Amino acid sequence: MAAANHSPSSPYSCAKDSGPVIPTTSLVTFLERVQETAFQTYERSKFDHKDFIDLLLKFDLSTTVKAFDEISKTENGSVSTKDFEEFIGKWFKSAGEDLVYVEPMDFETEPYGFLPKVENPEVRAWALEVHGLWKKLSREVSSSVHDHPELHTLLPLPVPGMIPGSRFREVYYWDSYWVIRGLLASKMHETAKAIVTNLISLLDTYGYVLNGARAYYTNRSQPPLLSAMVYEIYNRTGDVDLVKKALPALLKEYQFWNSEIHTMIIHDAENCNHSLNRYYAMWNKPRPEASAIKQKFYRELASTAESGWDFSTRWMRNPSEFTSLSTTTILPVDLNAFMLRMELDIAFFAKIVGDDAIAEDFLTASHTRKKAFNSVFWNENMGQWVDYWLNYGAEPKEPQTWEAQNQNQNVFASNFVPLWIDLFNSDTPLVEKVTRSLQSSGLLCAAGIATSLTNSGHQCRDFPNGWAPIQHMIVEGLWRSASTEARKVARDIAERWIRANYVAYKKTGTMHEKYNVEKCGEYGAGGIYRPQTGFGWSNGVVLTFLEEFGWPKDQNIDCN
């Protein structure tokens, strides 16, 4: 299924990249060399680039580098599989050995009050198995990382947390929001707070929450959902101390996302200027965790990773050309929805701690941003909010005049994410218009909401893949509205997603990172790595949906 090719009119050119770069560590630089050798040594199908960039040293770096340089090489400079594997075994510990299993402090096999609306015994038994996966995903950083950080790409964190699963062996930023939602459904409030503690630690150390807790992720963040995590925990626990602890960190994060590299000014038809946000990684070299990808637009690659949507035709000026990635020249509707959510959350938290001045400032900022949504992102004919393409090469300080042709009118699930924000889902006529648009968009499928309408084959964030975060934000936005029709659609989508997860689990014995929304019970495919299992955000969204919607005793759970 392919959408009509609509690309904004701005020409794509290879302008000089003069943006900031965060230097990498000597260890990461060396592991890139090891990774490249592995790529040349192994068959592509047996190679996962992340396995090598996550290795930990047994000995000091200089001695290991010397041994690596002394490996025997053939005339064409390659290394035999035998020699390479002997080197790896002698000088490294396996990826993941610097994370230690730890039982969550507040895990109970069946918590009191767990999913009271789930009446079907079959579904309840499965939900308890998903709940039990928190034990399998719980990790803490080993003492070696704290004592000898120079031997690890893994970063030290103060308390235990949750990993997504499979190859994702470290804490990730935006995944953590849905992990926390699931933990709250599992009554694991202390574990949820611990995740926030770790993310604040990263923010305090680097000035922003990293994409993930690895040395090679220091050049970028991820969708800013820390305030939403704090809000959800406070909403369940009333923990004012958590709010007091988080507020200074959130103000720092807000400043980071409103720094010059992440903001652009749009001058609208009513003579108003709107400061809006974009993704912009502080990197212009091959991504260390994926240096086997040979592309020249490295900042665009890293910025796409910062978006959490790596990779999708959403970021391409030419959907058939991967090299046309242009993420830094896009004002994403969902990023700006997350910024609006942050403004509302900070205003709420400031009220709690008694700082009325901050509360007023951020409430004003939220209303200003809402106006920008109406002027820049809203497309009345589509009944959706859409991404806005910047004129390529423009400077952040120079306002750009809004042009209708620069709205990306291709349909993506992100076009409906603003529904998640209460300033929008409280407007019933607006919700009903957007709901009708969603129903006719082509995104609603047998097993959930597709991410896009473009089946690009090699892109893991495109059709027919569906992702738990997208399902959750759109469903929750519809469900929070006062529209009967929107709430009906929300329940229907949630039930489709629950069925898809259940049937896939029964067939494979695991939860998956993504699902094929065309075929109930099939997991997703595509991208630069094999589909992953575990899986943090999928577990979290299923438990959240079951908590909210339940499952009647006599309702069938299998695919229809």
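Could you list, in their original order, any pairs among LYS245/LYS371; LYS93/LYS514; LYS93/LYS193; LYS66/LYS90 whose Cα atoms are separated by more than 23 Å?
Where the Cα-Cα span goes over 23 Å, the pairs concerned are LYS245/LYS371; LYS93/LYS514; LYS93/LYS193.
Using the Karplus curve 6.51 cos²θ - 1.76 cosθ + 1.60 with θ = phi - 60°, what ³J(HN,Hα) values do you get for each residue of segment 357-363, in whole Hz, with x for Gly and Pro?
5, 5, 4, 5, 4, 7, 5
Taking one equal scatterer on every alpha-carbon of segment 231-386, how large is log10 of I(q)/I(0) by Debye at q = 0.09 1/Å?
The computed values of log10 I(q)/I(0) come out as -0.38.
Once phi is turned into ³J(HN,Hα) by the Karplus curve 6.51 cos²θ - 1.76 cosθ + 1.60 with θ = phi - 60°, what whole-Hz value does each residue of segment 148-158 show in order, with x for glycine and proline?
Result, rounded to whole Hz: 9, x, 5, 8, 10, 8, 5, 9, x, 10, x.
What's the whole-number percent of alpha carbon pairs in segment 411-559 lying beyond 24 angstrom?
For segment 411-559, the share of Cα pairs beyond 24 Å comes to 28 percent.
Report the net charge of residues surrounding GLY536, where surrounding means a beta-carbon distance below 10 angstrom and charges are Lys +1, Arg +1, Asp -1, Glu -1.
Value of the local net charge: -2.
For segment 374-525, with every protein chain kept in place, what is the accessible area per residue (1.4 Å probe, Å²)?
For segment 374-525, the per-residue accessible area is 34 Å².
Using amide H atoms built 1.01 Å from N in the peptide plane, name the residues 5+ places from PHE92, or on other chains, whose amide H lies under 5 Å from its own.
For PHE92, the qualifying residues are LYS58.
Along segment 203-213, what does the Karplus equation 6.51 cos²θ - 1.76 cosθ + 1.60 (θ = phi - 60°) give for ³J(HN,Hα), rounded to whole Hz, x for Gly and Pro?
Computed from phi, the couplings for segment 203-213 are 5, 5, 6, 10, x, 6, 7, 5, 3, x, 7 Hz.
Within the set of other residues whose C-beta is less than 14 Å from the C-beta of SER375, count the net charge using Lys and Arg as +1 and Asp and Glu as -1.
Here the charged neighbours net out to -1.
Report in % the part of the accessible area of the chain that belongs to carbon and sulfur, leaving out ligands and nucleic acids; probe 1.4 Å.
50
Quick one: grab Rg to one decimal and Dmax as a whole number for the chain, Cα atoms only, in Å.
Reported Rg and Dmax, both Å: 23.2, 72.
Where in segment 241-273 does the label zone of LYS371 land, with the point 7 angstrom along Cα→C-beta and an amide N cut-off under 20 Å?
258, 263-273
Pop the C-beta distance of PHE39 and ASN318 into the FRET formula with R0 = 25 Å and round what comes out to the nearest 0.05.
The pair PHE39/ASN318 has a calculated efficiency of 0.40.
Once both labels are modelled 7 Å past Cα along the beta-carbon direction, what's the ASP83-ILE352 spacing in nm?
6.0
Would you pull out the residues with amide H under 5 Å of TRP551's amide H, same chain only if 5 or more places away, H placed 1.01 Å from N?
VAL118, GLU119, ASN120
Under the rule of -39500 (n - 2.57) per DSSP H run of 4 or more residues, summed and divided by the residues of the chain, what mean residue ellipticity at 222 nm is obtained, to the nearest 500 deg cm²/dmol?
It lands at -13500 deg cm²/dmol.
Taking the Cβ of ASN465 as the center, what net charge do the other residues with Cβ under 13 Å away carry, scoring Lys and Arg +1 and Asp and Glu -1?
-1
Residues with amide H under 5 Å of GLN384's amide H, sequence separation 5 or more or different chain, H placed in the peptide plane at 1.01 Å from N; which?
When sequence neighbours closer than 5 places are left aside, the close amide H contacts are ASN379.
How much accessible area per residue does segment 26-93 have, counting only protein heavy atoms and a probe of 1.4 Å, in square angstrom?
Result: 55 Å² per residue.
The values are calculated or read from the model by the stated rules, or taken from the named source; none is laboratory data. Worth saying up front: this structure is predicted, and the values here are computed from it rather than measured. Virtual Cβ from ideal backbone geometry, glycine too; neighbours counted across all protein chains shown. For the accessible areas, the whole protein counts, side chains as well, though only heavy atoms, and no ligand, DNA or RNA atoms are used. Shrake-Rupley method; radii C 1.70, N 1.55, O 1.52, S 1.80 Å.
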